[in-house]
1. Sorted by packing (mean other beta-carbon atoms within 10 Å per residue), highest first, where do B:53-65, B:82-94 land?
2. Restricting to bridges with both residues inside the protein assembly as shown, how much of the DSSP beta-bridge set is antiparallel, in percent to the nearest 5?
3. Using only the alpha-carbon atoms, how far is helix B:221-246 inclined from the longest principal axis of chain B? Give it as 0 to 90 degrees, nearest 10.
4. How many angstrom lie between the Cα centre of the stretch B:219-235 and the Cα centre of the stretch B:34-50?
5. Probe radius 1.4 Å, ligands and nucleic acids left out: which of A:Glu290, B:Glu34 has the largest accessible area, and how do the rest follow?
6. What is the average number of partner chain Cβ atoms found within 10 Å of a Cβ in A:149-155?
7. Interface B/A, total buried accessible area with a 1.4 Å probe, nearest 100 Å²?
8. Can you tell me which of B:213-226, A:401-414 comes out highest on packing, and rank the rest after it, using the mean Cβ neighbours within 10 Å?
Amino acid sequence: MESIKIKKITAVWIITVLVLFIVSIVLGILMRLNQGEIIEQSPITFYSNMTTHGLTMIGIWFVAGMAAVNYLMQRYVKTSYTANVIAYVLTVIGVLIFWTTTFVGKFHAGWTFLYPLPFKVMWATWATPLFLVSLTVFGLGWLIWSISLMTQLLKKYSIAQVFAWQHFRKNPKVETPPFILITMITLIGIITCLFAAVILIALFFAEYFSNGNFLNDALLMKNLTYFFGHTIANEMLYLGLAVIYELFSEVSGRPKWRTTWYVALAWNLTLIFILTAFFHHLYMDFAQPEGFQIIGQLASYLASLPAAGVTVFSVFIAVYRTEIKWSLTNLLFFIGVAGWVIGGLGAVIDATITNNVLLHNTLWVPAHFHTYNAMGNVLFSLAFFYWFTNQFTKNIEDGKFTKLTLAILLIGGIGFLLAFYIGGADSIPRRYSNYPTDFTAAAPLATMGAIFATIYLTAILIFFFKIYKGCLKILFSPS
Amino acid sequence: MFKNIVFTFVTINSWFFANAQTASGIEEETNIYERIYNAPIRVSRNQQLTFTDLNNKKPLLLALIFTKCAGVCNPFLLQLKENLQFINSDNPFTILVLSFDPRDRLGDMNLLAQKLGLENNKKWIFAVTDSIALLNQSIGFYPRWDSVRSQYDHDALLVGINKEGYITKKLIGIRDKLDLDLLISSVNNIYSPTYRLPNKNILFSCFNYDPKTGKNRPGLGWLFIALPAVLAMSLLLSISFIVHNKLPAE
Ligand code: HEM
């Protein structure tokens, strides 16, 4: 009974995520059209849309990963339906409050809401506290969900087992499935960064209600902001990877992936490094001691290398010279891993201090994070959505049409990203609603980005219509 | 001995004028990164230049004074001269001493240069201009004529102008060598860090900056950055402990 409920709530999550995704893509296209001088938005509208787009995207792909992991985790442990529903309700309430602050209140401090921007009120005065309330609601729901999942894992596995430490010895008696290991590592990271968010929001509220008697330290707030923001944006990718480790071999008709000593080591190291990589967001903050900048650079390399190395190796071994049952699910996983690696390389280039001097706050930044999101994590989740829907409603795949949709997605995605990369290499700044005339290539590139993003959107719409029908069937079927 | 007297005099004056300058209400932050008015300036009887001619060669430190000044001008220039002797910066700059009093003639400025012992110093240029109003406006400098004292009520102002003719930094009042160093860096487009002033309402800083030593001491704020990881690990251990002590091992 519990698993039927989880199945249904997963279907609800999928529909919600896809609807919010489509709206957010439209906002993204409008931003690019404005930057391309094809339409004219006021800077306030542009930045409100940018804030809505950024935070909604981060939020939905985080919950998409969580919903997928929650669903698959039932293969190993019982999970709490109540925690899942609480997270859903609080996410929806959070989105409604957040959208009110941006669409009605015109709050536009960006998804990173870097201190002291939220207090430099250039929008409805109620929008700042309400924005903080929306974050609190998200944080609460997601914290309950993550802690609940972690608790279920700890009921079955000891700490040593859940982190797969027994695999460092020869012939371990118990095997920790890679899915469990990665999920646990990721949940710890998520809980840690959500705690950072709690402290951050508390400090914001403290200043807001103190009537000037308490002021925050900008450097502390920036550290906390990126501790939360950078970490959650990375952890949501790892949720997608957990799903790949569980499903890729299965849908490809290959033996299940197993945890080895190097898989265990790589993911344990990732836990440590991913929590310190955020220091690379503070390279320009001279007051931050040099030691932390070096930690930031090293952690950025070390966080990406083990997980990426092991995953790419595993995927490569799985497909190289072997008979693979290719389906849309493993194709999306495969292309997603490629997107993740390419975006990751772009990120590592940017996280190298000598390069960051040039690339900081240029379009290179949205270039790399859109690569591993729009062409990485989104594809991981789409693959899961497809696989999930396919479990219960037959034949949502039809060969040729599916391949065509995939081709449209690839063409749209690559073109959209190229416009960002070329802009970044040309030192065009990010987060400009209108580009100064000195950047001659900026507006044409933005228009190109908008055109290709529309092609990408077309593919997403096709996927959406196929998936949502299946999800509705699951939702309304008696069992 | 003479040096000590000058110094005492300068210190007392600088305290007095430092207080006086806040009263006039001009701010160092105004007109920064705006272009200085390209005024024609006369540096010798047969040489008329413009600001661009000068700043194109080397960045400028512009000191605005008038020769009949009974107040801050002399101590200001004396201190500037003194401080610059101790600055051995590799970064190039020229000091342009310009009168904002239309009554001043080139002869008055030359006399002032002689009095300061700077008439043969290539780094210093003493000049007059006939575009005072436009120049002052581009800097945001507004001396007021006090007819009772027959003096201008004004600030001691040193303006940094880079090679492209942009105002990069202003120093109001008689300032120390450290500030001058920052000004010289700024006109050479070298980034200079700035720190917020200590504030008793900021309880949790990552660092506490000591302007005397120029050093940062770690503050309580770092605890907040370590806290999320500590909390998460404690939660992990607590939950594991609770579930394994409550439930039979599976
Ligand atoms: C085709 C789909 C998408 C389009 C057209 C799009 C467009 C844009 C644009 C134009 C910007 C502003 C860039 C600038 O700084 O000038 C932006 C920022 C951003 N996008 Fe996207 N995007 C898309 C997909 C995604 C996805 C899948 C994510 C997932 C996480 C995402 C997350 C973000 C974030 C976090 C920002 C930064 C917002 C901020 O700076 O506050 N976007 N996007």
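The values are calculated or read from the model by the stated rules, or taken from the named source; none is laboratory data. None of the values given here were measured: they were computed from a predicted structure. As a convention, Cβ positions derive from the backbone with ideal geometry for all residues, glycine included, and neighbour counts pool all protein chains shown. These accessible areas exclude ligands, DNA and RNA; they are computed on the full protein's heavy atoms, side chains included. Shrake-Rupley method; radii C 1.70, N 1.55, O 1.52, S 1.80 Å.
1. Details: B:53-65: 20.4, B:82-94: 13.3.
Taking the mean over residues of other Cβ atoms within 10 Å, the ranking is B:53-65, B:82-94.
2. Here the share of antiparallel DSSP bridges comes out near 70 percent.
3. 10 degrees
4. For the stretch B:219-235 versus the stretch B:34-50, the Cα centre distance is 60 Å.
5. On the way: A:Glu290 140, B:Glu34 95 Å².
Solvent-accessible surface, decreasing: A:Glu290, B:Glu34.
6. Counting Cβ atoms of other protein chains within 10 Å of each residue's Cβ and averaging gives 5.
7. For chain B against chain A, roughly 2800 Å² becomes buried.
8. A:401-414, B:213-226
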